[in-house]
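Worksheet: the structure to be examined is printed underneath.
Any read-out appearing in this document is the output of simple, stated calculations on the displayed coordinates, not a laboratory observation. Treat the numbers as computed from the prediction; the structure is a model and nothing was measured. As a convention, Cβ positions derive from the backbone with ideal geometry for all residues, glycine included, and neighbour counts pool all protein chains shown.
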Amino acid sequence: ARSDAFSIWTGSRLLVWGGSGASNSLLSDGAMFDPSQNVWTALAVSPLSARSASPFGSGWAVLSGASVFLLGGVGESVAYQDSSRFDTSVSQWLQLPPWFPVSEHRAGIGVWTGKEFIVWSGFDGSTLSDGGSRWLAQ
């Protein structure tokens, strides 16, 4: 059981990672659900620290081909600026460099174009931001 997890439909399976557990503790694990088999399969251990994708907070999941990118997220009083890629074809994680080197975008608006992720505005930890950042999937 979890809330505020990263989640995305891959076209054939549902990937769920992180979030908050029943005791409100942050989670760093996940699983994929295959509805054709009615089976959950645990994901390999992620290089990301425990975090959630809090609604209107921070944290996005995007799909590009066989890759699921988990971007940002929130922990206890921190908005993360790192990311990881999960390759669904081989069930492996790859740690990626920080994706917002300029500032946080907590509660920012994010969109996936199919090639890059763009986030605009939000709260940078002390003030409202009037800028944006782009992150190119690699």
| Give or take rounding to whole Å, what are the principal axis extents of the alpha carbon atoms in region 17-138, in descending order? | 47, 36, 23
| Hey, rough spin-label estimate for ARG134 and ILE109, points 7 angstrom out along Cα→Cβ, what's it come to in nanometres? | 1.8 nm
| request: Please list the non-local residues whose amide H lies under 5 Å from the amide H of ARG51, H modeled 1.01 Å from N, same-chain partners needing a gap of 5 or more. | output: GLY19, LEU27
| message | Residue by residue through region 12-17, what is 3J(HN,Hα) from phi via Karplus (6.51 cos²θ - 1.76 cosθ + 1.60, θ = phi - 60°)? Round to whole Hz and write x for glycine and proline. | response | 9, 9, 9, 9, 10, 9
